[in-house]
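Undergrad: The structure under discussion is supplied below as structure tokens; questions concerning it will follow.
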Amino acid sequence: MSESYLVQVAVEAPQHSALSGPLTYRATHSWPAGSVVQVPLGRRVVCGIVWGAVPEAAAGEGAGLALRDVHSGLAGLPPLGDAWRALVQFAAGYYQRGLGEVALAALPPELRKLDDKQLALRLRRAQSMSAVPQGGEPELPPLTPEQQAALDGVDEGGVSLLHGSTGSGKTEVYLRLVARTLAAGRQALVLVPEINLTPQLEARFSARFPGRRIVSLHSGLTPAQRLKHWLAAHLGWADIVLGTRMAVLTPLPRLGLVVVDEEHDPSYKSQEGARYSARDLAVYRGKLEQAAVVLGSATPSLESWYHAQRGRYRRLAMPTRIGGAALPTVRLIDMNHVPREVARTSALSPALLAALEARLERGEQALVLLNRRGYAPVLHCPDCGWKSGCAHCSAWRVFHRVDRTLRCHHCGATERVPRACPECGNLDIEPVGRGTERLEEQLALALPGARIARIDADTTRRKGSLETQLAHVHAGEVDVLVGTQMLAKGHDFRRVTLVAAINPDAALFSSDFRAGERLFALLMQAAGRAGRDAARGSASEMLVQTWHPTHPLYQALRSHDYPSFAARTLEERQMAGMPPHAHLALVRAEARTQEAAQAWLQAASDLAESLPERASVTLYPPVPTAIARVANVERAQMLVECEARPALQRFLAQWVPALHGLRGEHKGLLRWAVDVDPLAI
Ligand code: ADP
Ligand code: ZN
Ligand code: ZN
């Protein structure tokens with residue numbers, strides 16, 4: 001009789017199956033932990049990851065059971081290491097998802113389709129990937145004293161928060177840290193929030209590290225590229241991995257440094273599946289693998305700021321811009337003083353127009369931000385009151401003039417703009433409010449001869465179109481750039497001396513407790529786009545059109561004073577019992593009717609009553625989400641709040657597995673999910 005082994009394999013099981021841990025299989029080969037294998041599951045053969053051998057004692061018990069056999073496996077792939085498995089295990093537990101789900105989602109999809117022969121070919125390709133060509137030694141700019149102090153201050157065995165103004169040279173600090181890491185024979189992982197920022201970053205890293213292999217990992221790669229880059233990282237061939245959120249789970253055998261640039265950015269939090277925070281996982285990963293973690297931002301998340309204040313993270317400050325360029329002067333334009341008629345018809349106050357004209361005369365560029373794409377957020381019939389609602393969502397359809405459509409930004413439903421009011425036949429239906437298209441039109445009317453360009457999700461849909469448009473801006477072929485927050489991030493616009501925010505007030509009164517924090521970060525970042533060239537820096541300005549100029553958020557913005565904004569906001573959070581002073585989880589349910597969604601949540605709440613940890617959490621009543629209906633599905637949510645993270649984790653570990661049993665009694669329920677540390681509530 002041939003020898004047989006018992007192994008535990010993490011497989012991807014549908015979330016509702018309540019299967020969260022690995023399954024036991026029989027194998028004729030002692031697959032080491034971390035091996036990628038194919039196993040039968042129900043009637044299918046699925047990809048799995050060997051999680052460990054079954055302990056001797058348990059193996060005896062399993063002898064009588066009808067265990068199924070491991071089909072095959074990738075013998076040519078080095079096993080995924082202990083640290084990687086520990087990271088995945090932590091993520092699955094913390095975010096309350098199946099182990100196999102999290103583990104397999106972290107693999108490149110192409111890998112699952114391969115057999116050993118195909119893998120061998122892919123490995124050869126990955127290994128032959130060229131390194132950055134050896135050139136002359138790159139010239140290193142001498143560090144400023146602040147940069148040097150930051151570099152020396154990085155906590156090699158812990159987490160550092162690099163709080164550096166926009167343009168203070170944080171990237172140069174990252175480059176030096178990476179150089180140090182490579183010199184020690186280790187790999188560096190550098191995370192950025194946006195895929196759009198990776199080409200720029202790749203170019204800088206390539207120029208700095210001749211002879212090194214640099215790979216990127218983000219959702220814009222082809223499946224074959226993603227596999228190749230992943231293999232190069234996993235086999236230790238790549239020295240530097242640049243990537244977005246998803247890259248945090250890349251196996252790296254020699255990891256020595258993790259950089260999270262713009263660590264406050266909401267896109268580090270996944271909005272599907274395990275809904276993990278790549279920043280938080282990076283911190284955990286650093287601890288697991290004894291790698292230094294550096295979180296960089298001009299406006300740190302309040303969580304990170306709080307940790308730094310309490311000494312958990314080491315705080316490094318770089319307040320000064322390179323070359324001594326001043327941060328732009330922030331001017332608040334009080335819209336209460338703008339004549340009613342002007343404010344009603346135009347997005348542009350006289351003060352803003354004058355500032356734009358001055359830039360045009362001097363041949364400088366301006367950036368005008370409005371966080372709403374399309375022409376107008378809604379069409380309206382003044383006769384009967386009809387509005388362009390979406391038939392499938394509790395939201396308006398947005399009027400896009402360019403292609404004369406009404407589009408729902410939630411479900412995507414699109415139709416041609418009606419000629420007349422669908423209710424009463426009135427021919428004069430009007431756009432209400434404004435989006436970037438309309439703003440572009442108003443700017444063109446107000447500034448004849450100016451070269452105006454618009455950059456938002458609509459104008460950059462095609463691959464490469466953002467790069468092309470940005471190249472025009474850099475080449476000086478654009479005078480006024482109109483766009484959404486997409487423009488505020490990261491781009492190094494050398495000739496921009498004016499940044500204007502048209503009407504950012506809505507966030508001041510949002511029901512979302514983080515809206516203010518996001519707005520402040522966005523405006524600080526946007527301001528950072530201006531005056532990056534020291535020669536023009538002194539004349540650079542940021543204009544904010546607001547109806548609430550005395551609001552403390554704007555006052556802190558005026559003095560570029562993040563610490564005072566943070567102190568005030570942390571105090572408010574403490575009084576309100578909100579993060580980082582409390583810890584949250586959100587349970588979301590989707591159903592055919594709002595009643596069914598809420599009934600399921602209520603049942604979940606009732607079920608919690610019998611749990612031992614119930615007393616340590618506050619469960620709020622179920623409520624509809626801010627946009628309750630999307631694509632004909634009703635959504636509701638319930639907030640769980642707790643003072644201490646470990647207690648919340650213990651409660652969720654008791655509660656969430658039990659919720660799988662609730663499903664049968666709730667016919668209208670479509671889906672439910674838990675979001676741990678939600679960004680928005
Ligand atoms: P941040 O990421 O903090 O906004 P960057 O790293 O983009 O800032 O730096 C801003 C500019 O300053 C870049 O053009 C960069 O090349 C330049 N720079 C950074 N450090 C130095 C230095 N020590 N000496 C000269 N120029 C520098
Ligand atoms: Zn009408
Ligand atoms: Zn819709």
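Rule-based calculations on the coordinates, nothing more; no lab input. Predicted model only: the values in this text are computed from it and were never measured. Cβ coordinates were reconstructed from backbone atoms using ideal geometry, including for glycine residues, and neighbour counts include every protein chain displayed.
Undergrad: Select from Leu352, Phe209, Leu114 the residue farthest towards the positive end of the dipole of the chain; place +1 on Cβ of Lys and Arg, -1 on Cβ of Asp and Glu, and compute about the Cα centre.
TA: With unit charges placed on the Cβ atoms, the residue in question is Leu114.
Undergrad: Please compute the contact order of segment 542-681 in relative form: average sequence separation of alpha-carbon pairs under 8 Å and at least six residues apart, divided by the residue count, as a percent.
TA: About 32 percent, as a whole number.
Undergrad: Oh, and also: If the only charges are +1 at each Lys and Arg Cβ and -1 at each Asp and Glu Cβ, what is the size of the charge dipole of the chain around the Cα centre, to the nearest 20 debye?
TA: Details: 76 positive and 67 negative charges, 236 e Å.
For this selection, approximately 1140 debye.
Undergrad: In debye, nearest 20, what is the charge dipole magnitude of segment 565-632 about its Cα centre with +1 on Lys and Arg Cβ and -1 on Asp and Glu Cβ, if you could check?
TA: Numbers: 6 positive and 7 negative charges, 46 e Å.
Dipole about the Cα centre, nearest 20: 220 debye.
Undergrad: Go through 353-360, 97-104, 514-521 and give me the packing order, highest mean Cβ count within 10 Å leading.
TA: Details: 353-360: 16.9, 97-104: 23.6, 514-521: 20.5.
Highest mean packing first, the order is 97-104, 514-521, 353-360.
Undergrad: Considering the dipole of segment 151-298 built from charges on the beta carbon (Lys and Arg +1, Asp and Glu -1) around the Cα centre, which of Gly236, Ala298, Gln271 is farthest to its positive end?
TA: After comparing all options, I get Gly236.
Undergrad: When the dipole is taken about the Cα centre of segment 49-200, and only Lys, Arg (+1) and Asp, Glu (-1) are charged at their Cβ, what size is it in debye, to the nearest 20? Kindly include the intermediate steps, with their values, before the conclusion.
TA: On the way: 13 positive and 16 negative charges, 107 e Å.
Its charge dipole is roughly 520 debye.
Undergrad: Let me ask another. How would you rank Arg85, Arg112, going from fewest to most other Cβ atoms within 10 Å of each one's own Cβ? The partial results should precede the final answer.
TA: Details: Arg85 21, Arg112 15.
Listing Arg85, Arg112 from fewest to most nearby Cβ atoms yields Arg112, Arg85.
Undergrad: When the helices in the chain are scored as -39500 (n - 2.57) per DSSP H run of 4 or longer and the sum is shared across all residues, what 222 nm value do you end up with, to the nearest 500 deg cm²/dmol? The partial results should precede the final answer.
TA: Values: 20 runs with 213 residues, N = 681.
Computed ellipticity for the chain at 222 nm equals -9500 deg cm²/dmol.
Undergrad: Right, another one. Starting from the exponent 0.38 and prefactor 2.2 Å, build the expected Rg for segment 251-357 from its residue count and divide its actual Cα Rg by it. Provide the component values of the computation, followed by the final result.
TA: Working: Rg = 21.2 Å, N = 107, 2.2 N^0.38 = 13.0 Å.
Relative to the 2.2 N^0.38 Å estimate, segment 251-357 comes out at 1.63.
Undergrad: Against the longest principal axis of the chain, how steep is helix 594-608, in degrees 0 to 90 to the nearest 10, with axes from Cα atoms?
TA: Once rounded, one gets 50 degrees.
Undergrad: Quote the convex hull volume per residue of segment 115-166, based on C-alpha atoms, as a whole number of Å³. Mind dumping the intermediate values first?
TA: Numbers: hull volume 10.6 nm³, N = 52.
Dividing the Cα hull volume of segment 115-166 by its residues yields 203 Å³.
Undergrad: Can you give the angle from 0 to 90° between the axis of helix 198-208 and the longest principal axis of the chain, with both taken from C-alpha atoms, to the nearest 10?
TA: In the chain, helix 198-208 runs at an angle near 80 degrees to the longest axis.
Undergrad: Treating the angle as unsigned and between 0 and 90°, give the value, to the nearest 10°, between the Cα long axis of helix 436-446 and the longest Cα principal axis of the chain.
TA: Tilt relative to the chain: about 20 degrees.
Undergrad: Can I ask one more? How high is the relative contact order of segment 315-430, in percent, with contacts defined as C-alpha pairs under 8 Å that are six or more residues apart?
TA: Numbers: 115 pairs, mean separation 17.8, N = 116.
Worked out over segment 315-430, it gives 15 percent.
Undergrad: Could you work out the pair-distance distribution P(r) of segment 608-681 from its alpha-carbon pairs, with 5 angstrom bin width and percents rounded to whole numbers?
TA: 3, 13, 22, 25, 19, 12, 5, 1
Undergrad: Sticking with this one: Would you please put 627-633, 499-505, 287-293, 414-420 in order of how densely packed they are, using the mean number of other Cβ atoms within 10 angstrom per residue and starting with the highest? Let's see the in-between values first.
TA: Numbers: 627-633: 15.3, 499-505: 22.9, 287-293: 19.4, 414-420: 12.6.
Most protected by this proxy first, the peptides run 499-505, 287-293, 627-633, 414-420.
Undergrad: For the ranges 462-469, 593-600, 638-645, what's the packing order if you count other beta-carbon atoms within 10 Å of each residue, average per peptide, and put the highest first?
TA: Ranked from most to least packed, the peptides come out as 593-600, 638-645, 462-469.
Undergrad: Along the positive direction of the dipole of the chain (beta-carbon charges: Lys, Arg +1; Asp, Glu -1; about the Cα centre), which of Ser35, Leu257, Ser72 reaches farthest?
TA: Among Ser35, Leu257, Ser72, the one farthest towards the positive end of the dipole of the chain is Ser72.
Undergrad: Show the residues, 5+ positions off or on another chain, whose built amide H is closer than 5 Å to the amide H of Leu242.
TA: The answer is Val190, Val215, Ser216, Leu217.
Undergrad: Do any GluC sites (Glu not before Pro) in segment 108-169 lie in a DSSP loop with no more than 11 other beta carbon atoms within 10 Å, and if so, which? Could you put the intermediate results ahead of the total?
TA: Numbers: sites: Glu110, Glu139, Glu146, Glu156; in loops: Glu139, Glu156.
The qualifying sites are Glu139.
Undergrad: When only alpha-carbon atoms are used, what values of Rg and Dmax, in angstrom, describe the chain?
TA: 27.1, 93
Undergrad: Can you sort His472, His400, His234 by how many other beta carbons sit within 10 Å, fewest first?
TA: So the residues, fewest neighbours to most, are His472, His400, His234.
Undergrad: Where the eigenvalues come from the Cα gyration tensor of segment 459-611, what are the semi-axes √(5λ) of the equivalent ellipsoid, largest first, in whole Å? Write down the numbers at each step before the final one.
TA: On the way: eigenvalues 312, 106, 33 Å².
Equivalent-ellipsoid dimensions as semi-axes: 39, 23, 13 Å.
Undergrad: As a footprinting exposure proxy, order Met129, Met575, Met524 by other Cβ within 10 Å, with the fewest listed first.
TA: Details: Met129 15, Met575 9, Met524 25.
The fewest-first ordering by Cβ neighbours comes to Met575, Met129, Met524.
Undergrad: Return a single number: how many Lys pairs in the chain, at a sequence separation of 8 or more or on separate chains, have alpha-carbon atoms below 17 angstrom apart.
TA: Qualifying lysine pairs in the chain: 4.
Undergrad: In whole angstrom, and with the biggest value first, how far do the Cα coordinates of segment 355-503 range along each principal axis?
TA: 51, 31, 23
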